[in-house]
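Each value in this text was obtained by applying a stated rule to the coordinates, not by laboratory testing. Note that the structure is a prediction, hence the values are computed from the model and not measured. Positions of Cβ are generated from backbone atoms using ideal geometry, with glycine treated the same way; all protein chains shown enter the neighbour counts.
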Amino acid sequence: MSMMIALKRIPSSVGNQKTWTWSSWVKRSTLGGSQRDIAAAALSNNYLRIAGFTSGDNLEVNIEKVTIKTTDNINLLGWFHNKNLKSYKTIVYFHGNAGTLENRIHKLNHFKDMNVNFLIIAWRGFSGNKGKPTEEGLYTDGISAINWLKKKGLKEEDIIIYGESLGTGIATQIAQNKNFAGLILETPFTSMIEAAKNFYPYIPVGLILKDKYENNEKIKNINIPVLVMHGEVDQIVPFWMGKKIFNLASEPKYSYFTKYDDHMMEYDDKLVLALKSFVDSLN
């Protein structure tokens, strides 16, 4: 498969900080399930498990299965990879609105070649965890994961927050006005209301939706390095949303934008290079 990649610098108006934009042509991936089902799930405040979302990958990185107790006494399943907590940053991975931890193995396997530790958690109501996923509930889950790491001696500046799709809503909430090492947003949406309007423009979704996840407002309160990753043919979260989040973000900010990636971005060599470069810049 032929592939082309270009790295462009967008001049910054703030000091000598730089913004880099990655553009590439990659194989288009597909996502099981219907985009309208996802919109309908948002409208009814249900959190969707997409049928057929499976993983045949074998985990190639050593992990410890851990239990993280939330402040409202729900036990969350987590996978923890401790490469060297004292020497490297630790990624806290907040996954999207489908599947299980096993469905992220193909991503986690790439972390083994990076100078990074990681903790990935399954949300309440996912992967056998008790509880019902709600906006406030998932915020509690995310904060509980951060606190779990702090109990191991980590400070905010030792932690990189990674949000994927729905997980970007929790990532931006937690990163506001904090001193984390960095923030990674993969296929971020502007708000749940705008995402639902994209499918149902004639329905008053603002009056129906309970969960808002207003990334477009919260990104303005984040003053740490940000990497935004998105594909132009995303049929679930339109590319313009990721671009808007990038434009609203403070510097230093970086983007990895691809021409043909759908919502489930392909973790190819180009994406991994962009991710590794960002992580290395924070260590």
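Sorted fewest first by neighbouring Cβ atoms within 10 angstrom, 124, 104 come out as 104, 124.
Between residue 250 and residue 272, the modelled label-to-label distance comes to 3.4 nm, taking each label 7 Å out from Cα in the direction of the beta carbon. As a rough footprinting exposure proxy, the listed residues 232, 64, 217 were ranked by other beta carbons within 10 Å of their own, and the order from fewest upward is 64, 217, 232. Distances between placed amide hydrogens fall under 5 Å for residue 92 paired with 119, 160, 161, 162, all partners being 5 or more residues away or on another chain.
Within the shell defined by Cβ-Cβ distances under 13 Å, the residues around residue 64 carry a net charge of +3, with Lys and Arg each +1 and Asp and Glu each -1. Taking a point 7 Å out from the Cα of residue 240 in the direction of its Cβ, the residues of the range 205-219 whose backbone N falls within less than 16 Å of it are 216. Sketch the reach of a paramagnetic label on residue 75 as a point 7 Å from Cα along Cα-to-Cβ, and name the residues of the range 90-129 whose backbone nitrogen lies under 13 Å away. Taking a point 7 Å out along Cα→Cβ of residue 75, the residues of the range 90-129 whose backbone N falls under 13 Å are 128-129. Amide H contacts under 5 Å for residue 260: 26, 232, restricted to partners 5 or more places along the chain or on a different chain, H placed in the peptide plane at 1.01 Å from N. Over the C-alpha atoms of the range 29-282, the Rg to Rh ratio, Rh being the Kirkwood estimate, stands at 0.93. For the range 29-282, the share of DSSP beta bridges that are antiparallel, to the nearest 5, is 30%.
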